[in-house]
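Down below is the structure, laid out as structure tokens.
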Amino acid sequence: MRDDLLGAHVSTSGGVEKAPERGFEIGCNAIQIFSKNQRMWKSKPYIEGTDRKFRENCKKYRIKKVIIHTSYLLNLATIDPIKREKTISGLIDEFERGDYLDIPYLVIHPGSAIDTTEERGLFEIAKNVNTILKKKRYKIRLLFETTAGQGNNLGYKFEHLFYLLKNIKNDNIGICLDTCHTFVSGYDIRTKKTYERTIFAFDEIVGLKNLFAIHLNDSRAKLGSRIDRHENIGEGYIGKEAFSFIVNDERLKNIPMILETPNGDEWYKKSLRLLRGMKNG
Ligand SMILES: [Zn+2]
Ligand SMILES: [Zn+2]
């Protein structure tokens, strides 16, 4: 198998230590997982020895990078004190689980300004993350994901991400770019020219040095629609060519690229083969 960092989001059913084998079976060199049930506030702690088994399996199944995607319930942008407290303790739990498993990246959607303005929401996100990271130094790096901007979700403009990087007083943070989300929020990548323009804008505003992970998803919705519907690679409005620019981009060489496309393992396998086939040399 090629020496790349391509992979997919895989299930942890039956235990987190089962994920590396699932990744291996569909051709992943990198995987993304949930650290716990992503739709529940509370989850049991890992049973003893899970960390050792998980690391052994990553080695055995040659998984070189792992990413945790945080729970969908978290909302760092809320001004509601109860929701804020739940989010903070939920996120601390994700940090702890990540460090326990020795995972390098923790991806989070910045937050939703459902009960406030965008400006205040961004301010709250930075403040809440500062609160968490001031109390303890974690090994895992927190990555804010670019979002589709559906509803009141923040993070659909590169400027939002710049604001967070600037206002969080910690260097152990960064960005995860999702190709479907950036596309529907208005950043075109379908031609060489538009791709270069988007990467240039990202580098100017956010900085490529802050990019640590990529979600490779095609889109079922149009450019600028702000509708978050993932599609299999080459089957959506983005189309195959954009993905060939990404997998061949020298600037993105050491960045894990994770599929979050629908329809399960057969499509994951097919998409990973397609992406590897696009690689020059
Ligand atoms: Zn994503
Ligand atoms: Zn999405």
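Write out, first by first residue and then by second, each pair whose Cβ atoms fall under 6 Å of each other, whose residues are 6+ apart or on separate chains, and whose first residue, in segment 203-218, is closer than 27 Å to Leu274 by Cα while the second is within 13 Å of ligand 1 (Cβ to nearest atom) and in a helix (DSSP H, G or I).
What qualifies is Leu216/Thr179; Asn217/Thr179; Asn217/Cys180.
So Asp265 passes all but one of these: (1) in contact with a helix residue (DSSP H, G or I) (Cβ under 7 Å, 6 or more places away or on another chain); (2) modelled with pLDDT under 95; (3) within 14 Å of ligand 1 (Cβ to nearest atom). Which condition number does it fail?
Tallying (1) in contact with a helix residue (DSSP H, G or I) (Cβ under 7 Å, 6 or more places away or on another chain); (2) modelled with pLDDT under 95; (3) within 14 Å of ligand 1 (Cβ to nearest atom), Asp265 fails exactly one: (3).
Within segment 222-281, work out how many residues are within 16 Å of ligand 2 (Cβ to nearest atom), more than 14 Å from Ile189 (Cα to Cα) and touching a Phe, Trp or Tyr at 6+ places or on another chain (Cβ under 8 Å).
Number of matching residues: 5.
For segment 97-129, what are the residues that are part of a helix (DSSP H, G or I) and within 19 Å of the chain's Cα centre (by Cα)?
Arg97, Gly98, Asp99, Leu101, Leu122, Ile125, Ala126, Val129
Starting from segment 261-281, keep only residues that are farther than 20 Å from Ala221 by Cα, then list their pairs with residues that are in a helix (DSSP H, G or I) and of a type outside the set (A, V, I, L, M, F, W, C) whose Cβ atoms are within a distance under 7 Å, requiring at least 6 positions of separation or different chains.
Pairs that qualify, where the first residue is farther than 20 Å from Ala221 by Cα and the partner is in a helix (DSSP H, G or I) and of a type outside the set (A, V, I, L, M, F, W, C), are Met278/Ser244.
Give the number of residues within segment 113-158 that are more than 16 Å from ligand 1 (Cβ to nearest atom), within 23 Å of Ile214 (Cβ to Cβ) and among the charged types (D, E, K, R).
Number satisfying all stated conditions: 3.
If you take the residues in segment 159-194 that are of a type in the set (Phe, Trp, Tyr) and away from ligand 1 (no atom under 13 Å from the Cβ), which one is farthest from Ser219 (Cα to Cα)?
Here the answer is Tyr163.
So the check is Cβ under 6 Å with 6+ separation or different chains; which pairs have a first residue in segment 226-243 that's under 17 Å from Arg273 (Cβ atoms) and touching a residue at least 12 places away in the same chain (Cβ under 8 Å) and a second one that's away from ligand 1 (no atom under 16 Å from the Cβ) and part of a loop (DSSP other than H, G, I, E, B)?
So the pair list comes out as Lys240/Gly234.
For segment 186-221, which residues satisfy the criterion of being within 11 Å of ligand 2 (Cβ to nearest atom) and small (Gly, Ala, Ser)?
Ser219, Ala221
Please determine, by comparing only the residues of segment 89-139 that are under 30 Å from Arg52 (Cα atoms) and among the hydroxyl-bearing types (Ser, Thr, Tyr), which one is surrounded by the fewest Cβ atoms within 10 Å (Cβ to Cβ).
Looking only at segment 89-139, we keep the residues that are under 30 Å from Arg52 (Cα atoms), and these are 89-109, 129, 132-139.
Filter once more, keeping what is among the hydroxyl-bearing types (Ser, Thr, Tyr): 89, 100, 105, 138.
Working: Ser89: 12, Tyr100: 16, Tyr105: 21, Tyr138: 18.
The extreme case among them is Ser89.
Give the residues of segment 130-156 that are more than 16 Å from ligand 2 (Cβ to nearest atom), over 15 Å from the mean Cα position of the chain (by Cα) and either within 18 Å of Asn75 (Cβ to Cβ) or aliphatic (A, V, I, L, M) (or both), sorted by residue number.
Within segment 130-156, Asn130, Thr131, Ile132, Leu133 qualify.
The values are calculated or read from the model by the stated rules, or taken from the named source; none is laboratory data. In this text the structure is predicted, and so the values were computed from the model without any measurement. Please note: Cβ atoms are built from the backbone with ideal geometry, for glycine as well, and neighbour counts cover all protein chains shown.
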